[in-house]
Amino acid sequence: MSAAPTPKDRNTLRLGVAGLAVVVVLMVAAFNASSLPFIGGGDDYSAAFTEAGGLRDGDDVRIAGVKVGKVTGVDLEGSHVRVDFVVTEDVAFGPSTGASVRIKTLLGAKYLSLEPRGTGQLARGSQIPLTRTVSSYDVVTAFSDLTRTTERIDTQQLAQSLDVLAAEFKDTPENVRGALEGLSRLSATIASRDDKLRELLRAANSVSGTVAEQNAVVDKLIKDADLLVAELETRRDAIHTLFTNTSALAQQVTGLVRDNRAQLKPALAQLQKVLGTLQKHESDLKQTIAAMAPFTRLFANTLGTGPWFDTYIQNLTNPVGGVGR
């Protein structure tokens, strides 16, 4: 029969379960510290925009270029876009603060910029209205709009209108007439280059779109280059030691050659003479090697059965029974 658990054993079991529960709670809190109140969760705000401008969840929130938080959500709310963000730093910005979507990199990455205005602090949970927000204008969108706009322009009609305007102002002072004539020539030039201009704008639009599509690849390339630079920085001492030892080795080899130059020079000269002699008699050496081939083969067969010579001498003795016949 097993003994019944004592009160001490029951207390130990309770303490163990309680300790395990505390450890689990601490681990969960450690992995979700950023979302916990009073532990760096920050203050929640939102802003209304007419257009999101490529802003995404997780993008930076900055004041005067300094990161103070991050975007937590971009959703459609009625006729406008609602951008939720959290400010994790202890910074002050007044109740009239504005917001704008700005370009972070040349490849199109964006961030939310806050422009503090007013005294005091914007109340937690407040929304910055449309009247105080500015959406960004993307480079790709700009080229697309420019292409569509130029395609709708009747360049011939524009040139004709400017020509008529120049004709009407022909009796005006010289400066005005010259300006209008120049404007007319400019319009004629643009009209004559209309197809080339359209092609150029389409190509620029295509390039912008390709760059935007390869944003992730270029971003990864930049990050990999940064990792390479960081690795070189960590290996700086080893690389310096390698260069120092290589330089020392070169100095030692140089000193060795300099110290033994008197002996090396005659040896190299003699070696050069030997090589010259061998090169001069190259054909004779080839013939000698070819002639020695049969002899070498027979000599190898003679010594192939052991450490002795196999020989045969003909008519050294008479055959048995051959005498008297």
- Note on the structure: Inside the stretch 87-123, the number of residues satisfying the requirement of being modelled with pLDDT under 90, of a type in the set (Lys, Arg) and in a loop (DSSP other than H, G, I, E, B) is 1
- Quick one: residue 84 ticks every box in (1) at pLDDT below 90; (2) out of contact with any Lys or Arg (no Cβ under 9 Å at 6 or more places or on another chain); (3) under 17 Å from residue 55 (Cβ atoms) except a single one, so which number is it? (1)
- Query: How many residues are touching a strand residue (DSSP E or B) at 6+ places or on another chain (Cβ under 6 Å) and part of a strand (DSSP E or B) if we restrict to the stretch 46-68?
  - Reply: 10
- Among the candidates 204, 230, which residue alone is part of a helix (DSSP H, G or I) and touching a residue at least 60 places away in the same chain (Cβ under 8 Å)? 204
- Note on the structure: The residue from 72, 88 that alone is of a type outside the set (Phe, Trp, Tyr) and closer than 15 Å to residue 128 by Cβ is 72
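The values are calculated or read from the model by the stated rules, or taken from the named source; none is laboratory data. Since the model is a prediction, treat every value here as computed from it, not as a measurement. Reconstructed Cβ throughout: ideal geometry from the backbone, glycine too, with neighbour counts over all protein chains shown.
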